[in-house]
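Q: Before anything else, here's the structure in question.
The values are calculated or read from the model by the stated rules, or taken from the named source; none is laboratory data. Since this is a predicted model, take the numbers as computed values, not measurements. For neighbour counting, all protein chains shown are included, and Cβ atoms are generated from backbone atoms with ideal geometry for every residue, glycine included. What goes into the accessible areas is simple: the full protein's heavy atoms, side chains included, and nothing from ligands, DNA or RNA. Shrake-Rupley method; radii C 1.70, N 1.55, O 1.52, S 1.80 Å.
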Amino acid sequence: MAGYIVYWPQDRVKELQKAGDTGPVKVVLGSIHARMPSIASVKVGDVIFPVTLIKKQLYVMARLPVEHREPAFDYCIRELGGEYGALIPEGVALEWDGGGNYHYWGYRGKHYYRPEDLPEGVKVIPLSEQVPKPHLKHQEPFNCCSQWAAWGDHGSSILPRPVPPELVPDLRFGHPKSKEKALILDKNGGILAMSLQSTRRMSPETLEVFQGLFAGE
């Protein structure tokens, strides 16, 4: 089992708070953009910890043991009832109402204006299957081009858990051990966001620290 951190920017955290979304956390999504970084390295059996910064101090928002991993598009269509900007997989097209005329969006943003223009063998997701479903706010991608969804049924509540400041300098991220690095701190000991804006694997010792924040939950 490996542990990973993913960064939730403060505007994302505030969206969840405004929506009253306190979990339990069901999914973590990754995109091809730095704002919602890739989770392609995460595997079933790993644990993801979404983190954020509040006044340059590190807070862990949730803990999600990964029980399933699949394309974000498949997850969003099934669990949310729409694609929510997720990348459309190869061999799939999404039906879309273009002002009374049905159009289709496919792999890599390819646009088809007529059914006969679709490549042979493409699976069409009709509008009748794109019906919004009840879900929690954190299940929606907060950036376009979502690629992967890591999800499970045993996630924690979503709330800020502070990492004791005295432990922060000893936290290490990277794999293998020869590539482990500390977080980047300013002269006052505050964490710089640039050191969190990618999915980072924890050292075993750092994973123990994070697991300890959820003891008893």
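Q: Quick check on my filter: what residues within segment 179-189 are at pLDDT 90 or above and out of contact with any Leu (no Cβ under 8 Å at 6 or more places or on another chain)?
A: Glu180, Lys181
Q: Do any residues in segment 109-134 that are in a loop (DSSP other than H, G, I, E, B) and of a type in the set (Gly, Ala, Ser) have Cβ atoms under 9 Å from those of residues that are open to solvent by less than 60 Å² (accessible area, probe 1.4 Å) and at pLDDT 90 or above, where the two are at least six apart or on different chains, and which pairs are they?
A: Close Cβ pairs (under 9 Å, with a partner that is open to solvent by less than 60 Å² (accessible area, probe 1.4 Å) and at pLDDT 90 or above) amount to Gly121/Gly91.
Q: Next question. Are any residues in segment 2-52 in a strand (DSSP E or B) and more than 21 Å from Glu180 (Cα to Cα), and if so, which ones?
A: Within segment 2-52, Val27, Val28, Leu29, Gly30, Ser31, His33, Met36 qualify.
Q: Select from segment 54-78 the residues that are in contact with a helix residue (DSSP H, G or I) (Cβ under 8 Å, 6 or more places away or on another chain) and assigned to a strand (DSSP E or B) and write down the one among them that is farthest from Pro126 (Cα to Cα).
A: Gln57
Q: When you check Leu171 against the structure, is it in contact with a helix residue (DSSP H, G or I) (Cβ under 8 Å, 6 or more places away or on another chain) and closer than 27 Å to Asn143 by Cβ, yes or no? Before the answer, list the steps.
A: Numbers: in contact with a helix residue (DSSP H, G or I) (Cβ under 8 Å, 6 or more places away or on another chain): yes; closer than 27 Å to Asn143 by Cβ: yes.
When the stated conditions are applied, Leu171 passes them.
Q: Is it the case that some residue within segment 91-107 is among the hydroxyl-bearing types (Ser, Thr, Tyr), open to solvent by 30 Å² or more (accessible area, probe 1.4 Å), outside any loop (DSSP other than H, G, I, E, B) and out of contact with any Ser or Thr (no Cβ under 7 Å at 6 or more places or on another chain)?
A: Yes.
Q: Taking the stated definitions as given, is Gly82 farther than 30 Å from Ile184 by Cβ and either touching a helix residue (DSSP H, G or I) at 6+ places or on another chain (Cβ under 9 Å) or part of a strand (DSSP E or B) (or both)?
A: For Gly82, the condition - farther than 30 Å from Ile184 by Cβ and either touching a helix residue (DSSP H, G or I) at 6+ places or on another chain (Cβ under 9 Å) or part of a strand (DSSP E or B) (or both) - is met.
Q: Are any residues in segment 16-60 among the hydrophobic types (A, V, I, L, M, F, W, C), more than 10 Å from the chain's Cα centre (by Cα), buried (at least 17 other Cβ atoms within 10 Å of the Cβ) and over 17 Å from Gly152 (Cα atoms), and if so, which ones?
A: Passing the criteria: Leu16, Val51, Leu53, Leu58, Val60.
Q: Closer than 26 Å to Thr206 by Cα and among the acidic types (Asp, Glu): which single residue out of Asp46, Asp74, Asp21, Asp97 fits that description?
A: Testing whether each residue is closer than 26 Å to Thr206 by Cα and among the acidic types (Asp, Glu) leaves just Asp46.
Q: While we're here: Which condition number in (1) open to solvent by 10 Å² or more (accessible area, probe 1.4 Å); (2) touching a Gly at 6+ places or on another chain (Cβ under 6 Å); (3) within 19 Å of Pro141 (Cα to Cα) is the one that Asp11 fails?
A: If we test Asp11 against (1) open to solvent by 10 Å² or more (accessible area, probe 1.4 Å); (2) touching a Gly at 6+ places or on another chain (Cβ under 6 Å); (3) within 19 Å of Pro141 (Cα to Cα), just (2) comes out false.
Q: Could you check, for segment 170-193, whether at least one of its residues is of a type in the set (Phe, Trp, Tyr), open to solvent by less than 30 Å² (accessible area, probe 1.4 Å) and assigned to a loop (DSSP other than H, G, I, E, B)?
A: no
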